[in-house]
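Asks: Before I ask anything, here is the structure I am working with.
The values are calculated or read from the model by the stated rules, or taken from the named source; none is laboratory data. Keep in mind the model is a prediction, meaning the values are calculated, not measured. All Cβ positions, glycine included, derive from the backbone under ideal geometry; neighbour counts span all protein chains shown. Keep in mind that these areas ignore ligands, DNA and RNA; they rest on the heavy atoms of the full protein, side chains included. Shrake-Rupley method; radii C 1.70, N 1.55, O 1.52, S 1.80 Å.
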Amino acid sequence: MIQWIIPLLILIIFEAIADIFAKEWSLGNRSIVYAFFSLLAYLLANSSWLIALKYGSGLARGAIIFSVASAVLASIIGLFFYKENLSTIQLIGVCICILYIIIIVWE
């Protein structure tokens, strides 16, 4: 297995966790603890990014995979946990993003 995939997956997971804490804090009825945990998760996420780069993810490929996967995951979290809505065009965009990840990882 390619060594950089695991740190990149950890990056994506911690980014999603940070986004959840940030969303909870932004709702206004949460304590500052949520903001702290959000910042901590972002720190752990970016530490994993450094490891992914070191093991060969490449800036272009790694950044694209991270950005697109994080966007898709954030959309899923928004839809199912926060009952946010996506228009049909936005949903098509998410599907295209998933296809894009498959294409860019394909070797």
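Asks: Counting only the heavy atoms of the protein chains, how much of ILE6 is accessible to a 1.4 Å probe, in Å² to the nearest 10?
Replies: Approximately 90 Å² of ILE6 is accessible to the 1.4 Å probe.
Asks: Considering Cα pairs under 8 angstrom that are at least six residues apart, work out the relative contact order of the chain and quote it in whole percent. Don't skip to the answer; put the middle values down first.
Replies: On the way: 93 pairs, mean separation 32.3, N = 107.
Reported as a whole number, the value is 30 percent.
Asks: Which distance in Å, rounded to a whole number, links the C-alpha centroids of segment 76-105 and segment 21-39?
Replies: That distance is 24 Å.
Asks: Just how large is the dipole of the chain about the Cα centre, in debye to the nearest 20, putting +1 at every Lys and Arg Cβ and -1 at every Asp and Glu Cβ?
Replies: Details: 5 positive and 5 negative charges, 15 e Å.
Here the chain has a charge dipole of around 80 debye.
Asks: I'd like the accessible area for PHE36: 1.4 Å probe, protein heavy atoms, all chains in place, Å² to the nearest 10.
Replies: 130
Asks: Carbon and sulfur atoms: what percent of the 1.4 Å accessible area of the chain do they account for? The partial results should precede the final answer.
Replies: Details: 5260 of 7040 Å².
Carbon plus sulfur share of accessible area: 75 percent.
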